[in-house]
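Worksheet: the structure to be examined is printed underneath.
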């Protein structure tokens, strides 16, 4: 279990890393503002040294856009390879897939398509499945369960349907199954937390996939934010334990 650093966007990168450590987590999925894409190996090595101090690993990076420009796409993969990142959370345009087929094969790094919710390219489960059909199996999904709730999809069903192509999870809950709503503590909205962990076990979610809590509320009210994140992590741990015992 890790965290999407967007949850901690009210902190600078050093603060986000420190808070992740204080939360007892060893995996962090960086969003671009905390760890911008770079070709500078020195900067990448410096980041990994910071993380090593806390016994922390980058589980994924994103969400990154991809288009038809193969060379531009490759820069993201070069960065990920140097940083030791195995999963790139992505929002690829339809004309990017031929390029991505080549890049996931060349670098052996997964693309995890993020759904983004109502009105987005990959709003519904079937939108994503149609997009990856016939493409390299390393092109899969980062299922943002909160956004699937906004799209009136069942998060547990999402996990089962995406199955072996599921490489990332943004563990998130929303109050209502509609476009405009607000985030809530895990299990207080439409997320069946034990059911999610049972489904992840059933589909054999990869050990090196990116399972990230993402909590988007009150980014600048640090005491409330950290208390809410701590509560979400406790609920997730309880849900995982229930499934393990079952």
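Run a plain Debye calculation on the stretch 1-91 (Cα atoms as equal point scatterers, no solvent) and give log10 I(q)/I(0) at q = 0.10, 0.12, 0.14, 0.19 Å⁻¹, rounded to two decimals, same order as the q list. Calculated log10 I(q)/I(0) at the listed q: -0.24, -0.34, -0.46, -0.83. Would you mind checking the stretch 175-192 for residues with the amide N under 15 Å from a putative spin-label position 7 Å along Cα→C-beta of residue 238? Within reach of a label on residue 238, which here means backbone N under 15 Å from a point 7 Å along Cα→Cβ, the stretch 175-192 contributes 185-189, 191-192.
The modelled label-to-label distance for the pair residue 178/residue 221, using points 7 Å beyond Cα in the direction of Cβ, is 2.3 nm. What whole number of Å gives the distance from the Cα centroid of the stretch 112-169 to the Cα centroid of the stretch 208-243? About 21 Å separates the Cα centre of the stretch 208-243 from the one of the stretch 112-169. Short-range pairs are left out: with C-alpha atoms under 8 Å and at least six residues apart, the relative contact order of the chain is 17 percent. Antiparallel beta bridges, as assigned by DSSP with both residues in the chain, represent about 5 percent of the total such bridges. Shape annotation for the stretch 33-154: C-alpha extents along the principal axes are 42, 29, 22 Å, from largest to smallest.
Rg/Rh for the stretch 2-245 (Cα atoms only, Rh after Kirkwood) is 0.94.
None of the figures in this text is laboratory data; all of them are computed from the coordinates on show. These numbers were taken from a predicted model, which means no experiment stands behind them. Neighbour counts are summed over all protein chains in view; Cβ atoms, including those assigned to glycine, are modelled from backbone coordinates with ideal geometry.
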